[in-house]
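Participant: Handing you a structure now.
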Amino acid sequence: MENNVEVDVHDVQSLFSSSQSDYLIRNNGDQVAVSTLKGKKLGLYFSASWCPPCKRFTPKLVDIYNELAVKGDFEIAFISADEDEESFTAYFSKMPWLAVPFSDSQTRDTLDKCFKVNGIPHLVFLDENGKLSSDRGVEIIGEYGSDGYPFTPERLKEIKDQEEEARNNQSLRSILESPSRDFVIKANGNKVPVTELEGKTVGLYFILSTFKRSSDFTSTLVEVYNKLKAKDSNFEIVMIPLDDDEESFKKELDSIPWLSLPFKDKKCEKLVRYFELSTLPTVVIVGPDGKTLHPNVADAIEEHGVNAYPFTPEKFSELEQIEKAKLEAQTLESVLVSGDLDFVVGKDGVKIPVSDLVGKHILLYFSAHWCPPCRAFTPKLVETYKEIKAKHDAFEVIFISSDRDQASYDEYYATMPWLSLPYNDKRKQSLSRLFKVSGIPMLVALGPTGKTITTEARGLVMIHGAEAFPFTDERLAEIEAKFADMAKGWPDKVKHDSHPEHELVLTRMQGFMCDGCDKEGMIWAYNCQECNFDLHPECALPKDNGKPNEEGWVCDGDVCYKAS
């Protein structure tokens, strides 16, 4: 494994000895001679009580240490970055290993410099001869746990090779069983042999019960699971719990109808790595043959429910065709009407039937008061809305709130001049799924027929404002042609006295601050990429020679354009 330490072999006695001390300490005050470390594999743990990532990592390292300590050939030494002895003592009291005495600042400083500690937590592994095994110990512990021992490049390569072999020969047993366990558990504690699940389609549900997104999804998954079991589908779910708190795990297990791996089972962390978990919730589908059918069907379950079963490529191809047909047939009513929820609300709280909006251009504004980017974008959208509305009456915006309470919704909606779904309206979830809303603010443009024009209208408003209406490809092509025409006759490159170091290149820019006049600019700039230096065309070009100042051109400080 690559490392950043120039010296690969260290004399442990010299590392931990100074004019101030030649011993390490335990948290009960006992002194331990540095010589006792001879012949042991050693971890150097640079950490501090004031560091949140350290406080999160330390309990994991304690578990690993307690597991490896029985080998008798492994030790850890804590090198504190605390600023006072009281903080050091309180933090060290939670650690079962050794430490450099807080008073021995000389050794602590020397170790920091020797191992080039630029951030904490930082964990360095030395082998029994003092040779550097790795200076990426935090990453290794997080990824491999105690399986990484003795934390050498050779061991990590061995693990990767084993995982690759396991993928090539994957079965349900290789995924779920461990050397000491061949079963999964029910909520009542009963054990179910993994062999009983063979031949079934199995969903591996990775869950952190304290994560709201997971808890919200669980209710949807329970509904789908119960419907499939009622149909005698050959389907099962095994929960892969990622909780650190056993009470949270037990509470979750008591509330679900499926199976689970035991709390803090080693397989949980291994499966996180094996399936390259990147988001929650995740439901990995393993087919009846024990091979992975799909890396994550959580979105499909939310969108299609039981219709996504059995989660095969053929089923997803079928669903894709259904979705295409839905998009072709999409109307405003199909988007916004759900049962008796066939209205939106106005500023005075009056209900406005969706049918009254048919034939209009509609923007769906997914936003929330708690979201800083949303609050920054809303004034721009208000300005754009008023400009468009003044020219096109057949236009409307509908606010779809992600606010956490009625009061926040009311306060935020009071700043908006358009329509809204009522607070906590259940249509919000279906709309979020339909338009795949993964972040806010998001602005979706619907045409007069109700079909989706673009889900990227926010960016168009930011760049073009009301000029972007009606947000169609044709309109954008017109804008692009206008911008291209704007720059006709301008030189591709210029030299300018305000930036003599480099030539400035004519560049399309969404937005910039002119380094010449300190005013905001849009669309075109003369730019130096090396220095992040920008000038308005009117600031960059000679006044007696530049196109922006010739007859028929107008520069308003933000952009230069042809006068109409």
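The values are calculated or read from the model by the stated rules, or taken from the named source; none is laboratory data. All of these numbers come straight from a predicted model, not from anything done at the bench. Don't worry about glycine lacking a Cβ; one is built from the backbone with ideal geometry, like all the others, and counts go over all protein chains shown. SASA here: full protein model, heavy atoms, side chains in, ligands and nucleic acids out. Shrake-Rupley method; radii C 1.70, N 1.55, O 1.52, S 1.80 Å.
Participant: Need the C-alpha centroid separation for segment 148-182 versus segment 427-482, integer Å.
Facilitator: 47 Å
Participant: Hey, another quick one. Which one of 234, 65, 367 is farthest out on the positive end of the charge dipole of the chain, using unit charges on Cβ (Lys, Arg +1; Asp, Glu -1) and the Cα centre as origin?
Facilitator: So the residue furthest toward the plus end is 234.
Participant: Magnitude of the Cβ-charge dipole of the chain, K/R +1 and D/E -1, about the Cα centre, nearest 20 debye? Please list the in-between numbers first.
Facilitator: Working: 65 positive and 93 negative charges, 283 e Å.
The calculation lands at about 1360 debye.
Participant: Students often get this wrong, so check it: of 60/266; 351/391; 291/315; 227/324; 200/291, which have C-alpha atoms separated by over 21 Å?
Facilitator: Working: 60/266 12 Å; 351/391 25 Å; 291/315 17 Å; 227/324 26 Å; 200/291 11 Å.
Beyond 21 Å between Cα atoms: 351/391; 227/324.
Participant: Accessible surface of residue 207 in the full protein assembly, 1.4 angstrom probe, to the nearest 10 Å²?
Facilitator: 0 Å²
Participant: From the protein chains alone at 1.4 Å, what is the descending order of accessible area for 370, 50, largest first?
Facilitator: Details: 370 105, 50 135 Å².
Ranked from most to least accessible, the order is 50, 370.
Participant: Aspartates and glutamates within cross-link reach of residue 482: Cα-Cα under 19 Å, excluding same-chain residues under 8 positions apart?
Facilitator: Those aspartates and glutamates meeting the cut-off are 467, 473, 474, 492, 538, 550, 551, 556, 558.
Participant: Tally up the carbon and sulfur contribution to the accessible surface of the chain as a whole percent, 1.4 Å probe, everything protein left in place. Intermediate results must be reported in sequence, preceding the final value.
Facilitator: Working: 13780 of 28360 Å².
Of the solvent-accessible surface of the chain, carbon and sulfur hold 49 percent.
Participant: State the answer as a single residue: which of 437, 201, 174 lies farthest towards the positive end of the charge dipole of the chain, with beta carbon charges of +1 for Lys and Arg and -1 for Asp and Glu, about the Cα centre.
Facilitator: Positive-end residue among those listed: 201.
Participant: OK, next. Counting other Cβ atoms within 10 Å of each Cβ, which GluC sites (Glu not before Pro) in segment 501-543 have at most 14 and sit in a DSSP loop? Walk me through the intermediate numbers first.
Facilitator: Working: sites: 501, 503, 520, 530, 538; in loops: 530.
Listed in order of number, the matching sites are 530.
Participant: Non-local amide H neighbours of residue 361 (under 5 Å, H modeled in plane, Pro and chain starts lacking H): which ones?
Facilitator: 395, 396
Participant: Turning to a different aspect of this structure: Could you let me know the centre-to-centre spacing of segment 59-102 and segment 320-395, using Cα atoms, in angstrom?
Facilitator: Computed from Cα coordinates, the inter-centre distance equals 57 Å.
Participant: Further question: Which whole-number value in Å² is the accessible area per residue of segment 190-341, probe 1.4 Å? Intermediate results must be reported in sequence, preceding the final value.
Facilitator: On the way: 7480 Å² over 152 residues.
Per-residue accessible area for segment 190-341 comes out at 49 Å².
Participant: Given segment 177-256, what percent of its DSSP beta bridges are antiparallel, to the nearest 5?
Facilitator: Counting DSSP beta bridges with both partners in segment 177-256, the antiparallel share is about 35 percent.
Participant: Would you list, by chain and number, the aspartates and glutamates whose Cα falls below 13 Å from the Cα of residue 495, excluding same-chain residues fewer than 8 positions away?
Facilitator: 503, 534
Participant: So what are the ³J(HN,Hα) numbers for segment 256-273, from phi and the Karplus equation (6.51, -1.76, 1.60; θ = phi - 60°), rounded to whole Hz, Gly and Pro as x?
Facilitator: Here the 3J(HN,Hα) series is 10, x, 9, 9, 7, 6, x, 4, 6, 5, 4, 5, 4, 5, 5, 6, 4, 6 Hz.
Participant: Related question: Among 358, 382, 399, pick out the residue whose Cα is farthest towards the positive end of the charge dipole of segment 339-403, where Lys and Arg carry +1 and Asp and Glu carry -1 on C-beta, about the Cα centre.
Facilitator: Looking along the dipole axis, the top candidate is 382.
Participant: I've got another one for you. Per DSSP H run of n ≥ 4, the term is -39500 (n - 2.57); total these for the chain, divide by its residue number, and report the mean residue ellipticity at 222 nm rounded to 500 deg cm²/dmol. Walk me through the numbers on the way to the answer.
Facilitator: Values: 19 runs with 196 residues, N = 564.
For the chain, the value works out to -10500 deg cm²/dmol.
Participant: Share of antiparallel DSSP beta bridges in the chain, in percent to the nearest 5? Don't jump to the answer; show the numbers that get you there.
Facilitator: On the way: 52 of 79 bridges.
Percent antiparallel among DSSP bridges in the chain is about 65.
Participant: Can you compute 3J(HN,Hα) from phi for each residue in segment 397-414, using the Karplus curve 6.51 cos²θ - 1.76 cosθ + 1.60 with θ = phi - 60°, rounded to whole Hz and x for Gly and Pro?
Facilitator: Going residue by residue, I get 10, 10, 7, 10, 7, 10, 5, 8, 7, 4, 5, 5, 4, 4, 5, 6, 5, 5 Hz, with x marking Gly and Pro.
Participant: To continue, here is another question. Going by accessible area, probe 1.4 Å, with all protein chains left in place, what is the ranking of 167, 404, 427, 155, largest first?
Facilitator: Details: 167 80, 404 175, 427 5, 155 50 Å².
Putting 167, 404, 427, 155 in descending order of accessible area: 404, 167, 155, 427.
Participant: Sticking with this structure for a sec: Could you tell me the calculated FRET efficiency between residue 32 and residue 106, based on Cβ-Cβ distance and R0 = 22 angstrom, to the nearest 0.05?
Facilitator: Details: r = 18 Å, r/R0 = 0.83.
Efficiency computed from Cβ-Cβ geometry: 0.75.
Participant: Which entries of 71/94; 55/160; 94/131 show an alpha-carbon separation above 24 angstrom in the structure shown?
Facilitator: Working: 71/94 21 Å; 55/160 29 Å; 94/131 28 Å.
Pairs exceeding the cut-off: 55/160; 94/131.
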